[in-house]
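The values are calculated or read from the model by the stated rules, or taken from the named source; none is laboratory data. These figures come from a predicted structure and were not determined experimentally. Methodologically, a virtual Cβ is constructed for each residue, glycine included, from the backbone with ideal geometry; neighbour enumeration extends over all protein chains shown.
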Amino acid sequence: MTQRGRTGARPVNRRSGDRGRDASGRPPAPPAPRIDLVAARARVRAVIEPVVAAAGYDLEEVNLSRAGRRHVVRVLVDADGGISLDDVAVVSREISTALDAAEEAEGELLAGEYQLEVGSPGVDRPLTLPRHWRRNAGRLVAVTIGGRSVTGRVTQAGDTAVTLDVDGESREVAYADLGPGKVQIEFKRLDEAVFPDEDDAGEDDDDEDDDEDGEGEER
């Protein structure tokens, strides 16, 4: 996360006689200036989208909100194979640099202070684009098809359609006929789980057999 602007204002002292002033006696900092968030979001996206693309990532989302006396710019980036925390840190610095350069050349993109937050989408992100489905191949997904809720496993995702395994039946569905997909969290079945203690016990037995044969490791 990259934070821009001055440090936060001190809390307001609400005791009688001090209403509207902080502990130092100064008036509290004013709230973030009101701006057209839709237009500002478009300006920010126009600046950072080429930067994200040049870094080899997809710009998934840009959100702009007001939080007290500053604005918050939240940016989500992703890539095939996922994106690491180190990658997020690098692209965050590049985005911040691009925003600084744009402000120097064109003036403020956002009135007043703002805070930049860069991250990657979580598993709760709706699957709406072909690349979202492709990146979740092999996962169980809930989706609406023709007004009916269906749960299936993504077996293949192309440019125009996705193939789902629904109860053992393969179904190819065009993206135009799909609602937003949602990845389902799966837990490994108990009877398929491998417990470390069992492996250790097996290794101990092998060591004992080796010692009896005179080939065990000397300790």
(request) Residue by residue through region 94-126, note down the ones that are charged (D, E, K, R) and either part of a helix (DSSP H, G or I) or in contact (Cβ under 8 Å) with a residue 24 or more places away in the chain (or both). (result) 94, 100, 103, 104, 106, 113, 117, 124, 125
(message) Of everything in region 35-52, what is among the hydrophobic types (A, V, I, L, M, F, W, C) and in a helix (DSSP H, G or I)? Give them in sequence order.
(response) 37, 38, 39, 40, 42, 44, 46, 47, 48, 51, 52
(message) Tell me whether region 128-147 contains one or more residues that are within 30 Å of residue 35 (Cβ to Cβ) and either modelled with pLDDT under 95 or under 20 Å from the mean Cα position of the chain (by Cα) (or both).
(response) yes
(request) Report yes if some residue within region 51-68 is hydroxyl-bearing (Ser, Thr, Tyr), buried (at least 18 other Cβ atoms within 10 Å of the Cβ) and under 25 Å from residue 130 (Cα atoms); otherwise report no. (result) yes
(request) For residues that are surrounded by fewer than 16 Cβ atoms within 10 Å (Cβ to Cβ) and touching a strand residue (DSSP E or B) at 6+ places or on another chain (Cβ under 7 Å), scanning just region 22-44, find the one that is modelled with the lowest pLDDT. (result) 22
(message) Going by what's in this entry, would residue 161 be described as within 29 Å of residue 40 (Cβ to Cβ) and among the hydrophobic types (A, V, I, L, M, F, W, C)?
(response) no
